[in-house]
Amino acid sequence: MYLLNYIYFLIITLLGLKFLTMKRGVMVNPLNREQKMVMDGPEMFWVLTFSTGLLALSAPGALDLMAIRLMVLEVFCIVGLFICKRSPQWSPAIVFYLLYIVWLVIGLSYSPAPGYGFRVILKYLYPLLIMLFASATVRDKEVFLKAGLGARLVALVSIGVFFIPYVVRLFPGVFWYGTASAINYISMCIFSLALFYYTDEKRKNLLLCVLFMLPCILWVFRTSIMGTTLALMTFFFFKYKLKSLPVIFVVLVLFVVAVFAIPSVREKMFKDSENVSIEQLQRGEISKDDINSNARFAMWEDLQSRFYDGKELMGSGIGSVQNYMYSNFVFGGLKVPHNDYVQMSCDSGIIGVVLYLLAVFAIIVHSFFVYQKYTDVSIKMCAIVAGSSIVGVALTMYTDNVVNYSMATLSYPFGFYGMMLGLIKKER
């Protein structure tokens, strides 16, 4: 069955190459399905790439198909920046992110494993290329909607594959596994909520917004539950500013109730779930020691003692953590630290962490002010989706390996931000 993934990979790659080099093509207009719209090659490629980020197309064996797919997409994005007749747009967020990539490259000079370091850089490079390519390509709301709706459709198909009995066996490795998909659903949930507020299909988009919240609860993924909650809170703050505080409080209360009232969530969250209650939380009697971290806290402390302590400013060099975990049987055979910030601090030190967080913070702040300033509906939608979803996804990086599957996770808030920059360029 995995053989099909090689076929899917070839089809998508060849289709992407065809789109990228086309002068023009035709797609269905997302605003009116009875109409066609003409797009140039880079626009066609962008719609395809943004729509299919949730497709992992993995296959067991010596050939790492996912890594090859990532490299191919990055090469296509770089080539596309030269093919596209429009210029990429720059912002403080993109500058900070570019400086972060430069710092990672510098980290190769003192890395104990440049090979692993190069692979890590590729994973961080993808969101930057996505931002730049989207900002150069997207100038029309139809292209933005086509790409967003395409991504949401693929996400809906993935939910069907995961939850319809036995169907997942027919598509092994086609979609990213549950943790990556659940983080992807954060962006799709926020995008659906934006469509609820700014389009006429209220019921459909509200139902889809709720639907994208359910998998992380049913799968009991604490990280994605927290990320979705924070993204929703940020969305309402963008929308209503200080007037949103009561709504934010309600969302927070619902999160706390879910943690303590849903048995499966409570059991996974706490070591002694039977003797933990909301009342204890109110009295401040629940501490870090009560959280069931699955030994992650100890793992993080061990990694930081090896690669961060004494090298706080610069870290031990990009790829250090992956080299250690792949080359040795440690932590029960785990290959990833389940905390991107710990890996970031060990590999690139305080400088790396600060540069990365500055880029994320700049996206949030810029998106907030753009949302308040512009009246164009498409710009406002991109701004609120980018700013809200990046907050939720950035939180999940604390307890998951979000960077490892950046095609399915980070590329979406960064992609919406890039499209926002492109739409602003046309508005000006």
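The values are calculated or read from the model by the stated rules, or taken from the named source; none is laboratory data. Values in this document were obtained by computation on a predicted structure and should not be read as measured data. Positions of Cβ are generated from backbone atoms using ideal geometry, with glycine treated the same way; all protein chains shown enter the neighbour counts. Remember, those area values only see protein heavy atoms, side chains included, never the ligands or the DNA or RNA. Shrake-Rupley method; radii C 1.70, N 1.55, O 1.52, S 1.80 Å.
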**Report entry** Residue list for the range 133-171, filter: assigned to a loop (DSSP other than H, G, I, E, B) and open to solvent by 70 Å² or more (accessible area, probe 1.4 Å)
**Finding:** Ile164, Pro165, Tyr166, Phe171
Query raised in the report: Quick check: is even one residue across the range 42-61 exposed (fewer than 13 other Cβ atoms within 10 Å of the Cβ) and at pLDDT below 90?
Result: yes
Report summary line: Taking the range 307-330 and keeping only residues that are part of a helix (DSSP H, G or I) and exposed (fewer than 15 other Cβ atoms within 10 Å of the Cβ), one is left with Tyr326, Ser327
Requested in this report: Sort through Thr409, Thr399 and tell me the only one that's closer than 30 Å to Phe297 by Cβ, open to solvent by less than 10 Å² (accessible area, probe 1.4 Å) and not acidic (Asp, Glu).
Outcome: Thr409
Requested in this report: Could you please find all residues in the range 11-27 being open to solvent by 50 Å² or more (accessible area, probe 1.4 Å) and either within 20 Å of Val157 (Cβ to Cβ) or among the basic types (Lys, Arg) (or both)?
Outcome: Ile11, Leu15, Lys18, Lys23, Arg24
Query raised in the report: Counting only residues that are over 18 Å from Gly227 (Cβ atoms) and polar (S, T, N, Q), which one in the range 186-214 is most open to solvent (accessible area, probe 1.4 Å)?
Result: Thr199
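Among the helices (runs of 4 or more DSSP H) contained in the range 34-118, which hold 3 or more residues that are within 23 Å of Arg152 (Cα to Cα)?
By residue number, 41-51, 65-83.
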Query raised in the report: Within the range 46-60, is there a residue that is in contact with an Asp or Glu (Cβ under 8 Å, 6 or more places away or on another chain) and not acidic (Asp, Glu)?
Result: no
Report task. Among residues belonging to the range 356-386 that are of a type outside the set (Val, Ile, Thr) and in contact with a Pro (Cβ under 8 Å, 6 or more places away or on another chain), point out the one that is surrounded by the most Cβ atoms within 10 Å (Cβ to Cβ). Result -> Ala386
Requested in this report: With respect to Met66, determine if the residue is open to solvent by 50 Å² or more (accessible area, probe 1.4 Å) and under 28 Å from Asn5 (Cβ atoms).
Outcome: yes
Query raised in the report: Taking Val250 and the conditions (1) surrounded by fewer than 18 Cβ atoms within 10 Å (Cβ to Cβ); (2) at pLDDT below 95; (3) within 26 Å of Ile159 (Cα to Cα), which numbered condition does it fall short on, given that it satisfies the others?
Result: (3)
Report task. Search the range 172-181 for residues being part of a loop (DSSP other than H, G, I, E, B) and of a type outside the set (Val, Ile, Thr), and hand back the single one that is most open to solvent (accessible area, probe 1.4 Å). Result -> Tyr177
